[in-house]
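Only one structure is covered here, and it is reproduced in the block below.
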Amino acid sequence: MKFDYKKYIRTYLLSLTPYQSAREEFTADGREMILLDANENPFATEVNRYPDPLQLELKEQIAEWKGVGVDQLYLSNGSDEFISNVIMGCCEPGQDQIVIVPPTFGMYKVSARTHGVGVVEVPLTDAFQLDVPAILKAVDASCKIIFIPTPNNPTANSFDLNAIKELLENFQGLVLVDEAYVEFSTNPSIIPWLEDYPNLMVSQTFSKAQGMAGARLGMAFAHSDFIRFFNRIKAPYNINTLTINVALNRLKEQDKVGEQVQLLLDERRRLEEAFGSIPFIKQCFPSDANFIFIRVDDSSLCYQQLIDCGIVVRNPSENLNCENTLRISVGLPEENNRLIDALKSLSV
C-alpha cells in the first residue's frame, strides 16, 4: 500500500513555496566557480561563504555510517530544532496536540506550547516504563505525534522496544523516538524499523557520545517524503560551516568515540557501586545512559551542598514522580572521584 505522508502534514504548508538560497540555483559539476550570486564578502576566510544548504557531503557520510539513504536523513541545529520543525509542520495551532510520557525531556512540551499546540500527558508506570494501554486510551484524532525518548531523560532507563512497536502499529499519528543517548544503551537503534513503519521518526545527536554539544548538530531519520518536506520548511542555512567541518572530522574518530563511551560506562558502574554505600542515597535507578538517576533524602539540600563543594548536578524533583531525585552526569575519573568524596563527606 502506498504511503501518504500528506495526511500527517498541516494542509496549509503543503502548498508552501520554499525559499531557494543562492547556492541551490546552480550545479557546479566539479568546476571551480566564481561566486558572485550571494552578496558575500569575497575575501577568503574559513567562513566567508555560505554553507551548503543541504549539507550533502556530511549527509553522505552520515548516511553510510547509519545505513540509510541520504534522502532519509535530515540535519538540524541540535535536536531541539527538529522537535520544533516536526511540531510546526504537523500540528495545527489551537487544534492539534502532541503526546508526552512524563517524566520526560522538557523541550517537547516547551516547543508545543511555543507553537500553540496542546499537550496530552500520559505518565510512565511506577517502573518508568511506557504505559501503552493508557497511551492508546488517551489519544484521539487531535493527537498527531507521540514523543518517546529512550534512554529516557531524566530517568536514564531504556523503554521496552516491544512497547514502542505496539504504539507504531496502533497509533494513527507519528511516533518520534529520541535516541540522544543510544550509544550508551544496551538496546540497538531502531533506525532499521523505518523500512516497516513509515510513521516512525528517529532522532539522534552529536551532542552526547560524539562530544559536540557546543556545535549543535542533530540528526533525524524518517521516510524520504517527510525529509523532503522538512527541507522545504527549514531555514536555508540551518547548519553552519564550522559545525559541518567539525562533524566531518568527528566521523573519522569513531574508534576514539567508542573508547570514550566504554570509559564512561565503566565509570558509571563505579559510581553506582559507590552510591550504594552512601546512606542518604535511598535509590539508584538502573541506567542505560551516560548519567545516573538517584533518589535522596532531601534533593534541594544535597544539590546546594554539592554546589558548595564546586560540583553541579541536576535537580529534576519538580517532574512527575521525581520527588527528591538528582540526575548526575558521568564525568572524567578525577571528576567522579571528587563527586564520590563530596557525597561521602555529606554523610558524616
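Points worth noting:
- If you go through the range 136-146 and pick out every residue that is over 18 Å from M201 (Cα atoms) and either in a helix (DSSP H, G or I) or not hydrophobic (A, V, I, L, M, F, W, C) (or both), you end up with 5.
- Under the condition of being polar (S, T, N, Q), buried (at least 23 other Cβ atoms within 10 Å of the Cβ) and within 20 Å of P198 (Cβ to Cβ), the residues counted in the range 151-181 number 0.
- Residue satisfying all of: in the range 24-48; among the charged types (D, E, K, R), assigned to a loop (DSSP other than H, G, I, E, B) and under 36 Å from the mean Cα position of the chain (by Cα); farthest from R232 (Cα to Cα) among these: E46
- Residues of the range 75-111 classified as closer than 15 Å to I145 by Cα, surrounded by 22 or more Cβ atoms within 10 Å (Cβ to Cβ) and touching a Gly at 6+ places or on another chain (Cβ under 7 Å), total: 1
- One residue alone among I227, I191 is modelled with pLDDT of 95 or more, of a type in the set (V, I, T), closer than 19 Å to L13 by Cα and assigned by TED's automatic domain parsing to the domain that holds N153, and that residue is I227.
- Scanning the range 16-57 for residues that are surrounded by 12 or more Cβ atoms within 10 Å (Cβ to Cβ) and either outside the structural domain of I244 (by TED's automatic domain parsing) or at positive phi (or both) turns up just one, Q55.
- Here the condition is being touching a residue at least 12 places away in the same chain (Cβ under 8 Å), in a strand (DSSP E or B) and β-branched (V, I, T); of I294, I278, I311, I239, it holds for I294 alone.
- Complete set of residues in the range 197-208 that are surrounded by fewer than 21 Cβ atoms within 10 Å (Cβ to Cβ) and within 20 Å of W65 (Cα to Cα): S207
- Out of A247, A180, one residue alone is part of a helix (DSSP H, G or I), aliphatic (A, V, I, L, M) and under 19 Å from the mean Cα position of the chain (by Cα). It is A247.
The values are calculated or read from the model by the stated rules, or taken from the named source; none is laboratory data. A quick note: this is a predicted structure, and the numbers were derived from the prediction, not measured. Every residue, glycine among them, receives a Cβ derived from its backbone with ideal geometry; neighbour counts consider all protein chains shown.
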